[in-house]
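One structure is given below, encoded as structure tokens.
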């Protein structure tokens, strides 16, 4: 008999999401794929607000959507064998509630981890002992995996490195008509290079590196989840650079037009940039990426892309020039990246890893 699973969504699921996916207008989301395979019930901000009592509404005013979502999950704990939280912003308050008020019998709790090495999160886990009420930490960065194991003395099986994923069926070159126009954007005569996202992007370094380079760089400075500001703001934008936002459908077209992706990152210790890296690799693009402590688990240097030191204008420029000067090698790296996605970082593989652990709960 399968276990009953509740899966959180740190956001609101569009009412027509499945139609958008079926129509090919957006990729299959991880939470929809997980919900279909486990299976699981989904709960997002909107559903949590609909189920909130007066106390839940008070928590919402005090702590926002994530605290409310954690509270509603706690209230529903008796109906489920497993609560799967999609980030520590929900998982940590839920662990606190389970520890203080959940009693001896509780559902299993799996938590996806983005970054636990910030001071505030360390203090929560240090002083409240919340690790006792998180049964598995699923981490996207081996740096974070090692940090959690060593900081809180967690066994290997409890802190599992889980490579991030991409819908490799949506982000595929055979899904794109290279001549399809994008509203308000015309492909330049120069080779096109793309940079994508907001989270800890070092766009000032990129802008300095590409000034005068024989290519056109489009910076898709947008993200559906990052609260970071656009680091191109206030910068001098070179003539060979375009900065604008794109839908995921349009972004796939940009990847198809591009020679390779550039991922300039500040020196961070978590997987900043992973979504765009995987999308680009799935679209058979080589990548140039800052080698940060947290971003060492996706690119294979000199095979699927090139690593450069963070904030090094000259090294970034030289890596980009190398790929522009060696198009055959650039394409070979792109092909290697697609193979890596299919072998280890597809949405199918991602869900299967979680499915294996959910299945163990079913057998207990």
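The values are calculated or read from the model by the stated rules, or taken from the named source; none is laboratory data. These figures come from a predicted structure and were not determined experimentally. Please note: Cβ atoms are built from the backbone with ideal geometry, for glycine as well, and neighbour counts cover all protein chains shown.
Do we have any residue at all in the stretch 55-69 that's closer than 13 Å to residue 7 by Cβ and touching a strand residue (DSSP E or B) at 6+ places or on another chain (Cβ under 9 Å)?
yes
Looking at this structure, is residue 124 crowded, with 17+ Cβ neighbours inside 10 Å and at pLDDT below 95?
The answer is yes for residue 124.
Determine which member of the set 34, 111 is in contact with a strand residue (DSSP E or B) (Cβ under 7 Å, 6 or more places away or on another chain) and without any contact (Cβ under 8 Å) to a residue 40 or more places away in the chain.
111
Return the residue satisfying two criteria in turn: it lies in the stretch 149-187 and is closer than 17 Å to residue 279 by Cα and assigned to a helix (DSSP H, G or I), and of such residues it is farthest from the chain's Cα centre (by Cα).
174
List the number of the failed condition for residue 93; all other conditions in (1) in contact (Cβ under 8 Å) with a residue 12 or more places away in the chain; (2) more than 26 Å from the chain's Cα centre (by Cα) hold.
Of (1) in contact (Cβ under 8 Å) with a residue 12 or more places away in the chain; (2) more than 26 Å from the chain's Cα centre (by Cα), only one is false for residue 93: (2).
Out of the residues in the stretch 278-315 that are touching a helix residue (DSSP H, G or I) at 6+ places or on another chain (Cβ under 7 Å) and in a helix (DSSP H, G or I), which is surrounded by the fewest Cβ atoms within 10 Å (Cβ to Cβ)?
Here the residue is 313.
Taking residue 104 as the residue in question, decide whether it is outside any strand (DSSP E or B), touching a strand residue (DSSP E or B) at 6+ places or on another chain (Cβ under 7 Å) and either outside the structural domain of residue 123 (by TED's automatic domain parsing) or at pLDDT below 95 (or both).
No.
Just checking, does the stretch 255-267 include any residue being buried (at least 17 other Cβ atoms within 10 Å of the Cβ), more than 27 Å from residue 162 (Cβ to Cβ) and within 22 Å of the chain's Cα centre (by Cα)?
yes
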